[in-house]
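Here's the structure, in structure tokens; my notes come after.
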Amino acid sequence: MEAPVPDPVSASTRASAHSSGLDRFNTWPREVAEAALLECCGSRRWAVRMAAHRPYPDLGAALAASDEAGYDLAPADIAEALASESAPCLHHAAPRAAHLALRAAHAAYESRFGHAFVICLDGWLPSQHVDQVLAAIRTRLAHDPDEERALTAEEMRRLARGRIIELVTDAGRARSPF
């Protein structure tokens with residue numbers, strides 16, 4: 001697989017948006033924060049833990065807490081989070097053959113492992129997503145269940161990190177989560 005493309009947004013712009021968004025996120029009522037965090041990772045245990053540990057002094061602390069909470073998830077928590085995930089899909093205008101190939105790959109994966117295929121595509125251009133997903137599914141179908149379970153948990157942690165970044169950036173743009 002090719003290396004991800006660097007993010008063109010400047011570090012100072014991201015830091016400013018994250019800082020103001022994190023400040024807002026830190027002040028949300030617990031129920032609102034938990035609901036928003038459930039969109040980042042579908043494990044209720046993870047979301048409750050993340051909301052309870054606020055306020056976070058900076059984005060790095062929030063991401064570190066996310067990783068720690070993710071490593072502490074029991075298999076049932078991971079299954080709960082996976083149940084809320086949907087398989088990566090294509091834009092409706094993509095070629096029919098690509099849709100069929102992706103649908104078949106997802107079906108093979110779900111048949112083998114019993115849950116949706118998850119992958120973090122942060123840093124990849126949208127035009128590269130289908131190739132990355134198909135290549136990853138092809139590789140991961142060869143894994144034994146324990147190896148795939150560990151890799152799936154890591155992808156879930158990566159997805160949660162990216163979604164937290166989006167959450168605090170969006171919170172920085174919004175006046176209120178209500």
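The values are calculated or read from the model by the stated rules, or taken from the named source; none is laboratory data. All values derive from a computational prediction rather than experimental measurement. No Cβ is skipped: glycine too gets one built from the backbone with ideal geometry, and neighbour counts run over all protein chains shown. Areas reflect the complete protein model, heavy atoms only, side chains present, ligands, DNA and RNA absent. Shrake-Rupley method; radii C 1.70, N 1.55, O 1.52, S 1.80 Å.
The set of residues from the stretch 93-123 being open to solvent by 60 Å² or more (accessible area, probe 1.4 Å) and assigned to a loop (DSSP other than H, G, I, E, B) comprises Ala93, Pro95, Gly114, Asp122.
Kindly evaluate Leu151 against the criterion of being closer than 30 Å to Ala65 by Cβ and open to solvent by less than 40 Å² (accessible area, probe 1.4 Å). No, not satisfied. Quick check on my filter: what residues within the stretch 16-67 are aromatic (Phe, Trp, Tyr) and either free of Cβ contacts under 8 Å to residues at least 24 places away in the same chain or not in a helix (DSSP H, G or I) (or both)? Across the stretch 16-67, the qualifying residues are Trp28, Tyr56. Out of the residues in the stretch 81-92 that are over 14 Å from the mean Cα position of the chain (by Cα) and in contact (Cβ under 8 Å) with a residue 24 or more places away in the chain, state the one that is most open to solvent (accessible area, probe 1.4 Å). So the residue we want is His91. In the stretch 140-165, the residues that are free of Cβ contacts under 8 Å to residues at least 12 places away in the same chain reach residues that are part of a loop (DSSP other than H, G, I, E, B) with C-beta atoms within less than 7 angstrom, at least six apart or across chains, in these pairs: Leu151/His143. Condition test on Ala47, is it out of contact with any His (no Cβ under 9 Å at 6 or more places or on another chain), open to solvent by less than 70 Å² (accessible area, probe 1.4 Å) and at pLDDT 95 or above? Taking the combined requirement at face value, the residue satisfies it.
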